[in-house]
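The structure under discussion appears below in the form of structure tokens.
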Amino acid sequence: MMAKRRLFVAVPIVGATELQQALPGLHGAFSGYRVRWLGADEWHVTLWFIGNIEAGAVDALVHDLSVVAGACDGFEVSITGFGVFGAEAHPRILWAGVEGGEGLLRLQQAVVPWELMIKPFVPHITLGRFGRDHGGEWPAEWWQGNVHRAMDVVRVRCFSLYESELMPGGSVYRRLHDFELRGSLGQ
């Protein structure tokens, strides 16, 4: 039996200095919560969570993604505001919003096979994952002043194939291959 690899395709977020500067306030606001914070080197916008695939299929996937990259131009994304997945009483994920306009949407649609587009695309950068017994009181005042906070505009020049390894302390991400954007996909 061939080994499986847990993979996803994402846009790495590099140079988000304003988001980085917002972190001390964010960490302070959620200090009463159990949160596993992701480092800036882990920030990305997931285009397609593939899941477990046979290790032997990775080369074909890299080839297909290379073709996509050759047809896409770079673009800019704006990092704007914060949100959570899950209710405020039981948040699971804390994220920063990403607006990428047509460039990001085109890239996501080119990467993901159409028959696998089953959920709406909600571009975001996961900043932290809440523990089950997170405790803490919702930081309403901080949230009100920052939920729509405009931050960085970041140039996207590539997307990447990542491997995600499930560990007791949370997932560990490893970039396997970068795909430089070039060419044109209707831009």
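Each reported figure results from applying straightforward, stated rules to the coordinates on display, with no laboratory input. Note that the coordinates shown come from a computational prediction; the quantities given were computed from them, not determined experimentally. All Cβ positions, glycine included, derive from the backbone under ideal geometry; neighbour counts span all protein chains shown.
Miscellaneous remarks
- Glu137-Glu165 pseudo-label distance in nm [points 7 Å out on the Cα-to-Cβ vector]: 4.2 nm
- Note on Asp64 and Phe49: the extension gain reaches 3.8 nm, defined as 0.36 nm multiplied by sequence separation minus the Cα-Cα distance.
- Rough spin-label spacing in nm, given labels placed 7 Å along Cα→Cβ, for Ala150 and Glu102: 2.1 nm
- Local net charge near Ala57, Cβ-Cβ under 15 Å (Lys/Arg +1, Asp/Glu -1): -1
- Using alpha-carbon coordinates, inclination of helix 17-29 to the longest axis of the chain, degrees: 40 degrees
- Leu161, Leu176 arranged by Cβ crowding within 10 Å, fewest neighbours leading: Leu176, Leu161
- Trp37/Arg182 FRET efficiency (R0 41 Å; Cβ-Cβ; nearest 0.05): 0.75
- In the stretch 93-178, GluC sites (Glu not before Pro) in a DSSP loop with at most 11 other beta-carbon atoms within 10 Å: Glu137
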